[in-house]
Amino acid sequence: MMRKSNYFVLLLVLNTILLGLVNSFTIQDLTDPKTNDKFADASGRCYNTYYVLLEDPDGISDIIFTETKTLLDNNSTHSLYKLSPVLSTGATSFSFQVENSLGAQTTFNIAYSCPTNPTDLEIEFLSDRVINTGFVISNLIAVFKVNNFPTSKPLPNTLVFTPTSGNIYYSSIGPYYFLVLSYSQSDDISAITSDYTFSISAGGPTYQQSLKSFATDVKALSFTHNISPMSQAFEIKSVFFFSELTGTFDKNEPANIMENSGGTWVQPMYVSGNYTKPILLSRYATLPNTNFESKIVNSDGVSSLGDYTITKINDPNPFAITNPLFEPTSDPIVYSISYTSNYQYSSPVTSDGVTFNLYHPFGYTNGDSNSYLAKFDVFVSRNIDHQISFTTTNTAFYVTPAPLDTVDSTPPKIVSIDYYLLPNTSTIVLTVHITDDISGFFAMIDAYSVVMGDYTNLVKGNLNDGIFEMIQEAPSELSQYYNAIKICDWALNCQSVDVIEVFNVNLAKLDLEFLNFNEIISIKFEKNDIDTTNQSVENKMMLYTTFGDRPHITLISFDKPGPFIPGQYRKFYGHWDDILNCYVYPFTIPKNRFTGTYIYSLNLDQSPTFSSHLSTIFGPDAEIRVTSENADMMGPEVTSVTKNPSTLTVNDGQDSSFEMEFRIKDSVNGLKMAHFSIMSELDLHRYNFTFYPSDAVDGDKYDGLYKFSVPVNGKCRSQKFHVQRVYLEDEAGVQSIYQRFETLDDYNPFIKIIDSLNYEIYTQVNCLAAQESDPPALIEFSFTPTTVDPHYSGTLLNDNDARVVVFNFKTSDDSGILLSALPVVYLQSQNLAPNTILRVDANLISSTDKTATYNCSIEIPYGFGFPHGIRVSLYGIIDNQSNFRGYSLSEMPFPNIISVPTTRNPAISLLSSTGEISTGVLTVFGRNFEQNDKLLIQDTRLNKLYVIEPTLLGDLLSFKKFENIPKINREYVLITIQRSTGVDTFEYSNSLKLYVGGTDPSSSGSSSESSNGNSNSEETPTNPPQKCISECSGNGVCTPNGCICKSPWVGRDCSSQVIIIEPTINSTSPSTNITLPPTSEKIYYAIISIVGMSELDPSGEVVNDYRFNRWIFTKNTNSKYQQFTNETWKYEASITSPLDQSITNVTVFIDYFNSPTAVNITFAGQVLTMNPYTLKYSVNVTSYSFAKSQNSLQLVLSASLENQEKNECSSLEKYDAVESNSEFIKLQVNDHSLYGRFIKRGIVDGRTLSISNTIVENKIYQSSSTQSKSQAYIGINLPYFRNLVQIDPDFSVLIDNKPANPSSMNSICQEKKSKLTGGQIAGIAVGSFAFASVIAVCIGYYIYKKKQSKKLMASIESRLKEVNK
């Protein structure tokens, strides 16, 4: 009995427990009420969606539901499900069961309403006529609303529309509905001239509405038609053709022209002229044997304007991929993708679901375009063990890496997501909290395969649990970008998340704030009627709403200049205007738009609403009406092509060239610029040429002839040189573009002459040199530094180049290197995606017959490569026989890993700014900001101007806003984040230079050769392009920027040759004597010396003048260039300020680069090539007590070269250097020269700044020259500084092929006056922004008779004593 009693007690206890478990289930219905607010479809069903959050202390194991269910997220107690039931009409409920981890179940019911639609509708049409949108696609619309219909529900799909002709469908926005009418090829298009009758039924009474036709009764008096292209031979991949109609019509209003290419009748767009003499243009897809028709419809009926048959355009050559491989390499975390191909153009690739382009020369490893090996590598996670994929040109590659560490198989999770719209911008900042268990967060990708943000956006925490702030430009149809976000970790575990709806158990979702159409009161424009004849017009749209100033995402779009093509828009974002009490959207209407209604659209969230719809709803105030006397919406056209010769024969070893001439016409707007790209058929190298109207050899911007010459080397292989791309743009911004092998929407500039060109634009080159197929080779490669901290940007005065990496390398080939083709260095972080590859184009430094030396540099983007490091590949080496070579990560024959720290640097980094400081408001972007950080504003002399307190900018961690910035009268300022760390102690970020636009009050003029030379700008300028002189004397390569000389040649025309010197160092002063073996009867010597240093006031007057009287000489054992030289010396001197008796130290380091080959060094973030046997002077000047902060220092340099003969000829020349953006001063007597190179930058208080120079001619310094001597005084102007200035000039001795003569620059020959004129003096400047040594330097060299040597040495010593007094 006891046992039975105990049994029942046990059952009671279990029942109680189970009952308690069942009762512990809870449910939250998180569905937005608007989601299922709709009518049943024609079958009487509602396809609804519900989001439910279920909770139980023991966890939810599953739900039992007969319809579609999706588990979105769960944890130990909660589960979030998406339920998608198909429901019958009525107001009732559906049910499902929930089961917990202990097996307990319960049933939940969710009420729903699935109503049938009303059948008796009160319809109101908003216009009495059909609206012609004027699009290229034929959309004739009618707008109506249903007055007895709930505005929250979409129009029921049980509605039946019956037009009197054509086909109809509808769309809606807010309470408004748009009927869209179209005509298929079989429809009778003559019906467009009659009124339309619409019958509308919703299962009840039929509503009828008659609307007037939009058609006009215009007749064609004459016309011509041009269809382009018409045959398969043309070398383009495009599947589109253009129809161009030119005609004369009897009325000044639009004609009813309809065209068809096997589908729907469409209306061509008026693009040029006026309605009586227009040009119309259309663009169509090409199908095999397409029948194309063009008609005009009027009271006479339907008349033909042309019927054609279009042949489908095919690729001229079959491209293919063979031998695809995705395999491991010797490096266990590097996997190689390779295949053999003959593709000649870039195509999209997909790497683990992310689609992007890999552009030439990336991956082009070995061969030529007829057949080459493509190979590139992916650097993978150590935690990955699942299959990864890569797809290109319909070929898929797969590999499953072997894990080297703990396997990561779980994708990351979004814990929360929010956004902040930066005020008065179109910039959205997404704040996303992301977690990942092992490998860490890698990237977040939107529904269109665009990387929204990645690991570099980390602002707090770490990659396993961190806050990321991702900057987005607000796109149109924004929610469509975010409804399928893919989030991935480093091990490429990914999951797709719809963040627009609730997606996790934390109830996270992205609540985007859009403008609702029902909230719009009115739309107006500042100008509704606009004359665009030869003028672009600024305008504003005013959007009045019911909610006032509320941050939201809205934009307006205008068709880009040129023919309207769907999807090609210019976007404009607005801001709230307190005075007008509305949102204002500024925009520009290009000049010479065709008379008519200007097309625009309003983008709220989903599809855009066009101006024809909006003006119907909001009236004529929402319409823009433009006129022009002679419209031009067509891009410039090429009207003729001349090839000279059309076939070129190149003899072995004899360089040659061919010319191309293009006549370009744009008769109304006029040409703004033209770009031509000519591609070598074998090596795919492009020769690029850019022209402006001033470059025309004949004519003007309306009709001009442009000519260019393409070089062909004497060791070439026979091939074609194709016109690969042409880009033309007129002054209204209208473009025309041609690109071989590519599909383009833009107007083809060859549309008028394609038939006459036989669809081919190339020059045939026949080469007589022997052919070889051996690829070139990389024989040297190095970079510095080898370790970079990607989270460090420097501080106020130091480490401005903290993330800069400099690469130096050399290539070789027996047939010679194609010098015009510059190789490309690629930096790759882990995984293969558009955000993991950086491209750096190389610079040619020097070359020989078989080698070429290059360098390049890049600032590593903030955070790039963290924490796995960066690997380097190199592609694009081409020899003269058009064989190319590239090296993937695994094939690089030299060390190629850039190491990075594995922990984040907490230093403050200032990365960019938005807004203009002149407006008094500035928003800055960076990392490691704190709440009370301030903005330090300095002028370029480092004088503090203001310290600005921050303004709260939401909860953002990577942005700070500063307001109420006083007006600044400077051209540029420096901004720095300043953080207090104690009493009068601060921590600083790096600094950024901002353009203000004012005038620096300390500047006495804008010229770089002003009297005091004050430098107001941080700009480190780039030398302007130069013309190649004498074809670079056969010793260099002519580039668009000028001659690049082959070592050991230098000079503007590469006619001066570096020679070996043997310097003798003076131990009492920093002077150097250089003696050459006796090979001539003449004796030469040169002196470059610092004769003084002066402090100048803003007017250029001398405040204090100094001389160097005593130098301390020591052997330098710590030269920064010791790897290049074994001879280096150090000199020290000082001056005393009369202001406070403070000491300024001047230190000079002399390094002799005695290498027989050129080497590369880096100074002030610039890579410099040191020629063989060059003397390098590194000069440091410590702090100086300026009498006023507006003052500057000036070093006075005396430069001279002379011999002791009579009847000589001397000259002095200054010119820009192409390869280093430096300036040279060349002192020449007869055929001997001394070259001094002066870099246009120095390091001033840790910043790289530009420096200016001045010709000094006053009572103290009076320059003089004779026929055997060239001499001048040059003032090097140092801006105000606080701590240290560093400079780096160098000097070389050369023999010239061309002796100085009367036509040489600043020449003095035979009986000329010994003193230079003022005009001559102005030409002697060493160059803007140059530095010279703070020393007396004598560089003498002798070609002597034995009996003259002692006499000459005595003369030189006397001169040295004189300059050092």
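Each residue of the range 958-964 was assigned a 3J(HN,Hα) from its phi angle through the Karplus expression (A = 6.51, B = -1.76, C = 1.60, θ = phi - 60°), giving 9, 10, 9, 10, 10, 10, 6 Hz with x at Gly and Pro.
Here is the link list: 145/509; 934/967; 810/993; 961/1188. Which ones come out longer than 29 Å on Cα distance? Could you put the intermediate results ahead of the total?
On the way: 145/509 33 Å; 934/967 18 Å; 810/993 35 Å; 961/1188 33 Å.
Violating the 29 Å limit, Cα to Cα: 145/509; 810/993; 961/1188.
Could you state the accessible area per residue of the range 422-521 in Å², with a 1.4 Å probe and every protein chain left in place? Walk me through the numbers before you get to the answer.
On the way: 3290 Å² over 100 residues.
Normalised by residue count, the accessible surface of the range 422-521 is 33 Å².
The string of couplings for the range 663-668 from the Karplus curve (6.51, -1.76, 1.60, θ = phi - 60°) is 9, 10, 10, 8, 6, 10 Hz, one whole number per residue in order, with x for Gly and Pro. Within the range 929-973, the trypsin sites (Lys or Arg not before Pro) that combine a DSSP coil assignment with at most 15 other C-beta atoms in a 10 angstrom radius are 967. Under a 5 Å amide H cut-off, with hydrogens placed 1.01 Å from N, residue 718 pairs with 767 among residues at least 5 apart or on other chains. Largest first, the residues 902, 616, 35 sort by 1.4 Å accessible area into 902, 35, 616. Mind running the shape call on the range 34-141? Use the C-alpha gyration tensor, a ≥ b ≥ c as the square roots of the eigenvalues: rounded below 1.5 for a/c, prolate if a/b tops b/c, oblate otherwise. Prolate is the answer for the range 34-141, as a/c is 1.5 or above and a/b outweighs b/c. Under a crude label model (7 Å from the Cα following the beta-carbon direction), how far is residue 1183 from residue 688 in nanometres? Modelled inter-label distance: 4.7 nm. Taking each of 251/295; 1214/1298; 1027/1269; 219/295; 277/752 in turn, the alpha-carbon distance tops 21 angstrom for 1027/1269.
Ignoring ligands, DNA and RNA, please state the percent of accessible area on the range 1088-1221 from carbon and sulfur, probe 1.4 Å.
Working: 2160 of 5140 Å².
Ligands and nucleic acids excluded, carbon and sulfur reach 42 percent.
Close amide-amide hydrogen proximity is noted between residue 462 and 467, each under 5 Å apart and 5 or more residues distant or on a separate chain (H modeled in the peptide plane; Pro and chain starts excluded). Ligands, DNA and RNA aside, residue 584 has an accessible area near 0 Å² when probed at 1.4 Å. Whole-Hz Karplus values for the range 616-621 come out as 5, 7, 9, x, x, 5 Hz, taken residue by residue from phi with 6.51 cos²θ - 1.76 cosθ + 1.60 and θ = phi - 60°; glycine and proline positions read x. In this structure the range 898-986 gives 47 Å² per residue of accessible area when probed at 1.4 Å with all protein chains present.
Each label point is 7 Å from the Cα along the Cα-to-Cβ direction; what then is the distance between the points at residue 217 and residue 1029, in nm? Label-label distance for residue 217 and residue 1029, simple model: 7.6 nm. Could you state the number of Å between the C-alpha centres of the range 163-217 and the range 838-854? Taking the Cα centre of the range 163-217 as reference, the centre of the range 838-854 is 66 Å away.
Roughly how many percent of the accessible protein surface of the range 804-945 is carbon and sulfur, given a 1.4 Å probe and a whole-percent answer? Can you show the working numbers first?
Details: 2050 of 4380 Å².
Its accessible area is 47 percent carbon and sulfur atoms.
A DSSP coil position with no more than 15 other Cβ atoms inside 10 Å describes the following GluC sites (Glu not before Pro) in the range 396-479: 477. What a 1.4 Å probe finds exposed on the range 641-776 is 40% carbon and sulfur by accessible area, rounded to a whole percent.
Looking at the range 566-690, the accessible area is 38 square angstrom per residue; that uses a 1.4 Å probe and ignores ligands, DNA and RNA.
The values are calculated or read from the model by the stated rules, or taken from the named source; none is laboratory data. What you are looking at is a predicted structure, and each value in this text was computed from that prediction instead of being measured. Cβ: placed from backbone, ideal geometry, glycine included. Neighbour counts: every protein chain shown. Side chains are part of the model used for accessible areas, which takes the heavy atoms of the whole protein and leaves out ligands, DNA and RNA. Shrake-Rupley method; radii C 1.70, N 1.55, O 1.52, S 1.80 Å.
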